[in-house]
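A.B. asks: Below are the structure tokens for one structure; questions will follow.
The values are calculated or read from the model by the stated rules, or taken from the named source; none is laboratory data. Treat the numbers as computed from the prediction; the structure is a model and nothing was measured. FYI the Cβ positions are ideal-geometry reconstructions off the backbone, even for glycines, and counts take in every protein chain you see. Side chains are part of the model used for accessible areas, which takes the heavy atoms of the whole protein and leaves out ligands, DNA and RNA. Shrake-Rupley method; radii C 1.70, N 1.55, O 1.52, S 1.80 Å.
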Amino acid sequence: MQLLNGRLLAMAGLLTVLGVGCAKRTLAPNRTNTTTQPAFAKGADISWLPQMEATGYTFYNEQGVSQDCFQILKDHGMNSIRLRTWVNPSNDPQSGHCSRDETVAMAVRAQQAGMRVMIDFHYSDSWADPSKQIKPAAWQTHDFPMLLTDVYDYTRDVMTALKAKGITPEWVQVGNETPGGMLLPEGSTAHWNQLAQLINKGYDAIKAVSPQSKVILHVDQGNNRPRFRAWFDSATVHKARYDVIGLSYYPYWLDGSPDYTLSINDLGDNLTDLATRYNKEVMVVEVGGEDTEVQNTYDMLVAVQQKVKAVPNRKGLGVLYWEPQGARSWSKYGLSAWGNDGKPTKALAAFRVE
């Protein structure tokens with residue numbers, strides 16, 4: 001998710017799509033060898049899916065046959081699903097949903113489909129990104145000590161609900177695209193000591209329930225090395241705890257919307273620098289390209305995967321597309337990998353490339 005204001009404008013024209021929703025069915029799990037290095041993660045954030053299905057949106061495979069969205073993603077090489085969770089969201093069709101219970105239900109579907117799960121805590125009632133980090137309404141009047149308790153209790157509650165359904169997320173984000181911090185103003189990067197405490201409360205709550213889950217801290221503009229060095233140097237100084245560095249990479253949202261070829265090497269250099277400088281694993285947790293430039297988006301996705309795989313010592317964990325199934329005809333969002341015919345575009349096939 002990148003530049004919330006732009007995204008809200010892009011979604012403002014959403015119209016309810018009529019039709020028959022795709023059937024939900026249990027899919028055969030992937031067979032994995034637990035004694036080997038985990039497979040490179042190829043996946044997507046599909047948190048819009050429940051809303052899309054509720055409005056009757058029908059997903060079609062490449063042959064034009066109605067099919068479960070999870071199966072279509074699997075057939076395109078994906079093995080991982082990312083899900084955002086909001087504290088007390090509204091029922092708005094574009095900016096609502098993603099409650100704890102809905103997130104848990106989606107995680108169950110993902111696991112039944114044989115997919116690995118990432119949970120993305122926004123610590124807000126709606127979108128949190130570089131332009132907007134608004135505290136949940138129920139936390140607005142709380143002082144900083146109470147906010148620390150809020151973060152811990154809420155995080156532990158969601159993780160416990162997942163555990164009760166047999167879900168162990170492989171990765172969990174504490175905050176979403178937080179270059180300026182989260183839970184503002186108290187958790188601003190102008191108050192790094194406090195931000196680190198909030199991060200650590202989230203970390204502690206995750207590990208208390210699911211010690212094996214890897215905690216991700218997430219910053220946007222993955223090609224921007226100075227941005228990441230400044231942020232993670234401060235995180236180090238203030239002893240913020242985490243396991244993985246998460247990056248967003250959207251060439252379209254960079255100044256002037258330059259072609260990816262002008263920033264892809266910077267992304268690769270930054271990935272390697274982060275893994276080396278902080279001795280952490282790295283992962284592109286959000287990526288996307290224009291749905292009208294299918295071949296270009298395909299090429300970009302292949303290149304991004306190559307850059308992550310090239311990180312030394314196998315510290316590049318994977319690449320996840322943000323809402324590839326969020327077709328423009330439903331969302332008015334222009335960076336999906338789905339066509340107006342209800343079928344995935346060729347861009348999604350980039351995840352089949354080894």
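A.B. asks: Looking at Y252, is it under 27 Å from A161 (Cα atoms), outside any strand (DSSP E or B) and among the aromatic types (F, W, Y)? Step through it out loud before you land on a result.
C.D. replies: Working: under 27 Å from A161 (Cα atoms): no; outside any strand (DSSP E or B): yes; among the aromatic types (F, W, Y): yes.
For Y252, the condition - under 27 Å from A161 (Cα atoms), outside any strand (DSSP E or B) and among the aromatic types (F, W, Y) - is not met.
A.B. asks: For the stretch 40-81, what are the residues that are touching a Ser or Thr at 6+ places or on another chain (Cβ under 7 Å) and under 30 Å from K309 (Cα atoms)?
C.D. replies: A41, K42, G43, W48
A.B. asks: A follow-up question, please. May I ask you to list the residues in the stretch 215-226 that are in contact with an Asp or Glu (Cβ under 8 Å, 6 or more places away or on another chain) and over 12 Å from I199 (Cβ atoms)? Can you show your working first?
C.D. replies: Looking only at the stretch 215-226, we keep the residues that are in contact with an Asp or Glu (Cβ under 8 Å, 6 or more places away or on another chain), and these are 215-216, 218-220, 223-225.
Passing the criteria: V219, D220, N223, N224, R225.
A.B. asks: Identify, by number, the condition in (1) modelled with pLDDT under 95; (2) among the small types (G, A, S); (3) open to solvent by 10 Å² or more (accessible area, probe 1.4 Å) that G96 doesn't meet.
C.D. replies: G96 satisfies every listed condition except (3).
A.B. asks: What are the residues in the stretch 161-186 that are over 20 Å from K132 (Cα atoms) and surrounded by fewer than 16 Cβ atoms within 10 Å (Cβ to Cβ), if any?
C.D. replies: Correct list: K163, A164, K165, G166.
A.B. asks: Which is more than 15 Å from P251 (Cβ to Cβ), touching a Lys or Arg at 6+ places or on another chain (Cβ under 9 Å), at pLDDT 95 or above and crowded, with 18+ Cβ neighbours inside 10 Å, of W322, W338? Let's see the steps before the verdict.
C.D. replies: Details: W322 fails: more than 15 Å from P251 (Cβ to Cβ).
Every option except W338 fails the conditions.
A.B. asks: What number of residues in the stretch 256-291 are within 26 Å of P324 (Cα to Cα), open to solvent by less than 20 Å² (accessible area, probe 1.4 Å) and touching a strand residue (DSSP E or B) at 6+ places or on another chain (Cβ under 7 Å)?
C.D. replies: Qualifying residue count for the region: 9.
A.B. asks: While we're here: Identify all residues within the stretch 110-140 that are open to solvent by 40 Å² or more (accessible area, probe 1.4 Å) and within 17 Å of the chain's Cα centre (by Cα); write none if there are none. Explain how you work it out, then say what you get.
C.D. replies: The first filter runs over the stretch 110-140 and keeps only residues open to solvent by 40 Å² or more (accessible area, probe 1.4 Å), leaving 111-112, 116, 130-132, 134, 137-138, 140.
Of everything in the stretch 110-140, those that are open to solvent by 40 Å² or more (accessible area, probe 1.4 Å) and within 17 Å of the chain's Cα centre (by Cα) turn out to be Q111, R116, P130, S131, K132.
A.B. asks: Okay, next question. Specify which of the listed residues (A10, A41) is surrounded by 12 or more Cβ atoms within 10 Å (Cβ to Cβ) and at pLDDT below 95.
C.D. replies: On the way: A41 fails: at pLDDT below 95.
Step by step, each of A10, A41 is checked, and only A10 is surrounded by 12 or more Cβ atoms within 10 Å (Cβ to Cβ) and at pLDDT below 95.
A.B. asks: Then there is this: Select from the stretch 305-354 the residues that are of a type in the set (G, A, S), closer than 30 Å to D273 by Cβ and outside any helix (DSSP H, G or I) and list them in ascending order.
C.D. replies: Just the residues of the stretch 305-354 that are of a type in the set (G, A, S), to begin with: 310, 316, 318, 326-327, 329, 331, 334, 336-337, 339, 342, 347, 349-350.
From what's left, closer than 30 Å to D273 by Cβ: 310, 316, 318, 337, 347, 350.
A310, G316, G318, A337, listed by residue number.
A.B. asks: Would you say V285 is among the hydrophobic types (A, V, I, L, M, F, W, C), in a helix (DSSP H, G or I) and out of contact with any Cys (no Cβ under 7 Å at 6 or more places or on another chain)? Reasoning before the result, please.
C.D. replies: Numbers: among the hydrophobic types (A, V, I, L, M, F, W, C): yes; in a helix (DSSP H, G or I): no; out of contact with any Cys (no Cβ under 7 Å at 6 or more places or on another chain): yes.
Answer is no for this residue.
A.B. asks: Hey, another quick one. If a residue must be over 18 Å from R84 (Cβ atoms) and not small (G, A, S), how many such residues does the stretch 157-183 contain?
C.D. replies: Summing the residues that are over 18 Å from R84 (Cβ atoms) and not small (G, A, S) in the stretch 157-183 gives 3.
A.B. asks: Looking only at residues in the stretch 204-214 that are in a helix (DSSP H, G or I) and open to solvent by 40 Å² or more (accessible area, probe 1.4 Å), which one is farthest from A275 (Cα to Cα)?
C.D. replies: Keep residues of the stretch 204-214 that are in a helix (DSSP H, G or I), which gives 204-209.
From what's left, open to solvent by 40 Å² or more (accessible area, probe 1.4 Å): 204, 207-208.
Details: D204: 23, K207: 22, A208: 26 Å.
Residue satisfying both the conditions and the ranking: A208.
A.B. asks: Please find, within the stretch 215-255, the residue that is most open to solvent (accessible area, probe 1.4 Å) out of those that are more than 19 Å from Y123 (Cα to Cα) and among the basic types (K, R).
C.D. replies: K239
A.B. asks: Among (1) without any contact (Cβ under 8 Å) to a residue 24 or more places away in the chain; (2) in contact with a Pro (Cβ under 7 Å, 6 or more places away or on another chain); (3) within 24 Å of P38 (Cα to Cα), where does P258 come up short?
C.D. replies: Condition (3) is where P258 drops out.
A.B. asks: Counting just the residues of the stretch 187-203 that are open to solvent by 10 Å² or more (accessible area, probe 1.4 Å) and of a type in the set (A, V, I, L, M, F, W, C), which one comes out nearest to the chain's Cα centre (by Cα)?
C.D. replies: Let us first name the residues in the stretch 187-203 that are open to solvent by 10 Å² or more (accessible area, probe 1.4 Å), namely 188-194, 197, 200-201, 203.
Now drop any that are not of a type in the set (A, V, I, L, M, F, W, C), which leaves 190, 192.
Numbers: A190: 25, W192: 24 Å.
If we take residues in the stretch 187-203 being open to solvent by 10 Å² or more (accessible area, probe 1.4 Å) and of a type in the set (A, V, I, L, M, F, W, C), then W192 is nearest to the chain's Cα centre (by Cα).
A.B. asks: Working only within the stretch 33-87, note down all residues that are in a helix (DSSP H, G or I), within 30 Å of L183 (Cα to Cα) and over 14 Å from the mean Cα position of the chain (by Cα). Don't jump to the end; show me each part of the working.
C.D. replies: We begin by selecting, within the stretch 33-87, every residue in a helix (DSSP H, G or I); these are 49-54, 69-75.
Next, only the ones that are within 30 Å of L183 (Cα to Cα) stay: 49-52.
Result: P50, Q51, M52.
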